[in-house]
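Asker: Please see the structure below; I have some questions.
The values are calculated or read from the model by the stated rules, or taken from the named source; none is laboratory data. What you are looking at is a predicted structure, and each value in this text was computed from that prediction instead of being measured. Backbone-built Cβ (ideal geometry, glycine too); neighbour counts: all protein chains shown. The accessibility values were calculated without ligands, DNA or RNA, using every heavy atom of the protein model including side chains. Shrake-Rupley method; radii C 1.70, N 1.55, O 1.52, S 1.80 Å.
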Amino acid sequence: MTSNSQKLRYFRQRIPAFACVPGCHDCCGPVTTSSEEMARLPVKSEAEHEAALEDLRCPHLGDKGCQVYAERPLICRLFGTTPRLACPNGQRPAEMIDPKLERQIMRFFKETRQVLV
Ligand code: SF4
Ligand code: SF4
């Protein structure tokens, strides 16, 4: 049986990478993630969470962009790689995500309890 951590590693390795518009973070906002991924992110206080949510932003977005890039949640990695989550600024990988992999990730979202980052 495959553990969530193995699935995460598998997904992370296979989601196609692409370059964003430098300095852009237009697609960052309140996102949800699995408890497993949440545990890898730095803990934010309740006040920080509330302030971020009030402004509809992610608590890990800093002046210079994502502060947790190496551990950013799957949904952040998926954004821009599928027509269903297309980049509003026209950026995309050379090849969009394999539809089978996208389905596997969608199933993972459904099967894991998702919490607000
Ligand atoms: S995917 Fe698009 S909207 Fe999101 S940060 Fe990259 S360039 Fe900006
Ligand atoms: S974790 Fe990083 S990439 Fe994802 S929404 Fe927050 S700031 Fe943006």
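Asker: Determine which residues of the range 83-105 fall in the zone a paramagnetic label at residue 10 would reach in this model, i.e. backbone nitrogen under 15 Å from the point 7 Å along Cα→Cβ.
Answerer: 98-105
Asker: Let me ask another. Rolling a 1.4 angstrom probe over the protein chains, ignoring ligands and nucleic acids, what is the accessible area of residue 5 in square angstrom, nearest 10?
Answerer: Answer for residue 5: close to 40 Å² accessible.
Asker: Once the piece of chain linking residue 63 and residue 91 is laid out straight, how much longer is it, given 0.36 nm per residue of separation minus the C-alpha distance between them?
Answerer: That pair, residue 63 and residue 91, stretches by 7.9 nm at full extension.
Asker: Now a separate question. Round to a whole number: what % of the accessible area of the range 34-78 belongs to carbon and sulfur, probe 1.4 Å?
Answerer: Of the solvent-accessible surface of the range 34-78, carbon and sulfur hold 53 percent.
Asker: If you don't mind, another one. Run the reach check for residue 64 against aspartates and glutamates, Cα to Cα strictly under 15 Å, same-chain hits fewer than 8 apart removed. What comes back?
Answerer: 26
Asker: Kindly rank 64-74, 89-99 from highest to lowest mean number of other beta carbons found within 10 Å of each residue.
Answerer: Details: 64-74: 15.2, 89-99: 13.0.
Packing order, densest peptide first, comes out as 64-74, 89-99.
Asker: Right, another one. Take residue 70 and residue 109, extend 7 Å from each Cα along the Cα→Cβ direction, and tell me the distance between the two endpoints in nm.
Answerer: A separation of 2.7 nm, rounded to one decimal place.
Asker: Under a 5 Å amide H to amide H cut-off, with H placed in plane at 1.01 Å, what residues pair with residue 32 once short-range neighbours are removed?
Answerer: Result for residue 32 returns 117.
Asker: While we're looking at this one, here's another question. Please enumerate, by chain and number, the lysines with C-alpha under 23 Å from the C-alpha of residue 110, excluding those fewer than 8 residues away in the same chain.
Answerer: In chain and number order, the partners are 7, 100.
Asker: Follow-up. Find the percent of Cα-Cα distances in the chain that exceed 23 Å, and round it to a whole number.
Answerer: Details: 2038 of 6786 pairs.
Distances greater than 23 Å cover 30 percent of the Cα pairs.
Asker: Also, I was wondering about something else. Can you give me the accessible area per residue for the range 23-65, using a 1.4 Å probe, in Å²?
Answerer: 65 Å²
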